[in-house]
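Student: Sending over a structure as structure tokens; questions will come in a sec.
Bear in mind these aren't lab numbers, they're just calculated from the coordinates by the rules spelled out. Computed from a prediction, not measured in an experiment: that's the story for all the values here. Here Cβ is always computed from backbone atoms with ideal geometry, including for glycine, and neighbour counts include all displayed protein chains.
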Amino acid sequence: MNTIKHYLSVYRKFIETSFAEAASFRLNFVLLILMDIVFYISALATVSFIYDHVSMIGPWNKAQLMFFVSFMLAVDHLHMVILSESFWMLSTDIRTGNLDYTLLKPVHSIFIVFFRYFRASSTLNIFVTWATLIYFGLQANLTTLSWISLPFLVILAFILLAILEIMISTSMFWLTEGLGINFLRMQLQQVSRWPDYIYQRTIKKVFTIAFPILVIGSAPVRFLYDNKLYENILLLIGAIIIFYFLLLKLWDIALRRYDSASS
Amino acid sequence: MANLLKWWQTMRISWSRYTAYRLNFFLQVIGPAIVFFFIKYSLWSAIFSQEPHKVIQGYDFQGMINYHVWTLIVGLVAQGHTAMNLSEDIRLGRISTYLIYPFNFWEFHTASFFSFQILQFCIALISLGILLAIGVISSLTLSTLCIGFLFCFYVSLFWYLLQYLTGILGFWLEETWMLRVILQIVAGFLSGAIIPLELYPQKFVAFLNYTPFPYLTYYPVKVFSGDYSHLMQAFLVIAFWIGITFVLNHLVWKKGIKNYTAAGM
């Protein structure tokens, strides 16, 4: 309990400093909000334009796929606020040896590396993402159980996304220039933004079992549409547990690889 | 002649810089284009698998895949360049060196851009060769290919000037990457890179034709597909926007350099 309290107090400081920093650059603050909104509009409009010409894509109609996209945007929003900034700092920190200072601190290095930078500006977009999610949820006729479980599933989906992205980022320890890994990470994110049924069988299997990025959105949304498909929730939770332990192992191996450039 | 030699040497140095970390270059520049194509291929395969003979706004399955193959090539050649280092040069005070060099900031970055374009052209040719070999592209003539690539280089010049403009706004902004991302999202959506413009509402497309966006992807794809009916119009529209962005770049630089504080000096 004390450990959790300690971590929460550290995280509160991270949030405070991030807000203070964001308030110093007001135009940046506005541009970040604008950037996210432009992205949301383009993602939703693309699907909407396609459905002007087809009635179904796979088993889902327009309302269902629009809800799926909104669900992924809500997950993406959490990712933007909590994690996204930190990934870009990691490659520089490894290359310059700045990671030394992180490793010396009395908290777990994953926590300080990936949760240090909180994107304050993007917090405001929670109204946009959740309004969209509720709007398309109503159109998709979600049940009461689905509405109740929706916030928890968004959080679980975000946790799986975070674990998988941190795992990808550990490969930066093996590279001189790790910037490209962030682009790989973003591309895998793009793959997960579409439902798993659009992909061919082998790709679907690889991205469901070996590296479950397709589980992030497809599994919870399938459960939300049909509450009898609870195995999707088990798949999501199972993937979180397994890949969390794999991440811890991988992170330890990666840290052993770190050669502390500044020392 | 001496100036040409400076351009040549800068291009060589930039080439080495781009290819120094090959995996990084692949993941940063080529990877996104391939993944983008893979997603679109999967999506349209899923759509057409339900009704294999369906024609959507003039596109059957093969036509749609051909369209996206050409968007991949156009994306590589015409919109590959980013202004990642420009704002960093300004923020960290690195442009001070360019101010005393006999080869200015604009010349240096333009030479780097040319070098990048040659590299991208080679990658596009290899990609095209692979796509031809596996039969994704069925017919192709040399004249269409030459006109298509020439038009793409022309479009890339406009894209470069736009990127340059977002980069030099670093004189006023702490970070300019958001502007670059906004530009990329807007260009991707409005240029027909995600779905062909025929699928957009007609009134929206009529409006888009007044903007430079359709000329970044949709019209170059049409040229590669052998449709030259809009080539002259596209050429003139891009010329108009190149003129505007060139003047804007000049004005922004002139005003920005007065603000420059040479951080770190």
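Student: Which one of the conditions (1) in a loop (DSSP other than H, G, I, E, B); (2) of a type in the set (Gly, Ala, Ser); (3) buried (at least 16 other Cβ atoms within 10 Å of the Cβ) does A:Ala74 fail to meet, given that it meets all the rest?
Tutor: (1)
Student: Those residues that are part of a helix (DSSP H, G or I), within 12 Å of chain B (Cβ to nearest Cβ) and either surrounded by 23 or more Cβ atoms within 10 Å (Cβ to Cβ) or touching a residue at least 40 places away in the same chain (Cβ under 8 Å) (or both), I need them from the stretch A:197-220; list them, please.
Tutor: Listed by number, the residues that qualify are A:Tyr197, A:Ile198.
Student: Mind checking which residues of the stretch B:164-203 are of a type in the set (Phe, Trp, Tyr), more than 18 Å from A:Gln190 (Cα to Cα) and either within 10 Å of chain A (Cβ to nearest Cβ) or touching a Leu at 6+ places or on another chain (Cβ under 6 Å) (or both)?
Tutor: B:Trp172, B:Trp177, B:Tyr200
Student: Would you be able to tell me the number of residues in the stretch A:56-65 that are part of a loop (DSSP other than H, G, I, E, B) and either at the interface with another protein chain (Cβ under 7 Å from one of its Cβ atoms) or among the acidic types (Asp, Glu) (or both)?
Tutor: Count: 2.
Student: Only one of B:Tyr18, B:Tyr59, B:Tyr67 is within 14 Å of chain A (Cβ to nearest Cβ) and over 24 Å from the mean Cα position of the chain (by Cα). Can you tell me which?
Tutor: B:Tyr59
Student: Looking at the stretch A:95-133 only, could you name the residues that are among the small types (Gly, Ala, Ser) and either touching a Pro at 6+ places or on another chain (Cβ under 7 Å) or surrounded by fewer than 18 Cβ atoms within 10 Å (Cβ to Cβ) (or both)?
Tutor: A:Gly97, A:Ser109, A:Ala131 - these are the residues of the stretch A:95-133 that are among the small types (Gly, Ala, Ser) and either touching a Pro at 6+ places or on another chain (Cβ under 7 Å) or surrounded by fewer than 18 Cβ atoms within 10 Å (Cβ to Cβ) (or both).
Student: From the list B:Ala46, B:Ala33, pick out the single residue that is within 11 Å of chain A (Cβ to nearest Cβ), on the phi < 0 side of the Ramachandran plot, touching a strand residue (DSSP E or B) at 6+ places or on another chain (Cβ under 9 Å) and surrounded by 14 or more Cβ atoms within 10 Å (Cβ to Cβ).
Tutor: Testing whether each residue is within 11 Å of chain A (Cβ to nearest Cβ), on the phi < 0 side of the Ramachandran plot, touching a strand residue (DSSP E or B) at 6+ places or on another chain (Cβ under 9 Å) and surrounded by 14 or more Cβ atoms within 10 Å (Cβ to Cβ) leaves just B:Ala46.
Student: Need the failing condition index for B:Ser127 against (1) touching a residue at least 40 places away in the same chain (Cβ under 8 Å); (2) surrounded by fewer than 18 Cβ atoms within 10 Å (Cβ to Cβ); (3) of a type in the set (Gly, Ala, Ser); (4) assigned to a helix (DSSP H, G or I), just the number.
Tutor: (2)
Student: Moving on to the next point. Among all residue pairs at least 6 apart or on different chains, which show Cβ distances below 8 Å where the first residue, located in the stretch A:28-55, is at the interface with chain B (Cβ under 7 Å from one of its Cβ atoms) and the second is surrounded by 15 or more Cβ atoms within 10 Å (Cβ to Cβ) and among the acidic types (Asp, Glu)?
Tutor: A:Asn28/B:Glu175
Student: Tally up the residues in the stretch B:33-49 that are among the hydroxyl-bearing types (Ser, Thr, Tyr) and under 21 Å from B:Gln184 (Cα atoms), please.
Tutor: So the count comes out to 1.
Student: Quick one: is A:Leu8 within 14 Å of chain B (Cβ to nearest Cβ) and outside any loop (DSSP other than H, G, I, E, B)?
Tutor: Answer is no for this residue.
Student: Tally the residues that are outside any loop (DSSP other than H, G, I, E, B), without any contact (Cβ under 8 Å) to a residue 60 or more places away in the chain and not aliphatic (A, V, I, L, M), restricting the search to the stretch B:37-65.
Tutor: Going through the stretch B:37-65 one residue at a time, the tally reaches 11.
Student: Of all residues in the stretch A:165-195, count the ones that are within 10 Å of chain B (Cβ to nearest Cβ) and of a type in the set (Asp, Glu).
Tutor: 1
Student: Let me ask something else about it. Does the stretch B:143-158 contain at least one residue that is surrounded by fewer than 21 Cβ atoms within 10 Å (Cβ to Cβ) and among the aromatic types (Phe, Trp, Tyr)?
Tutor: yes
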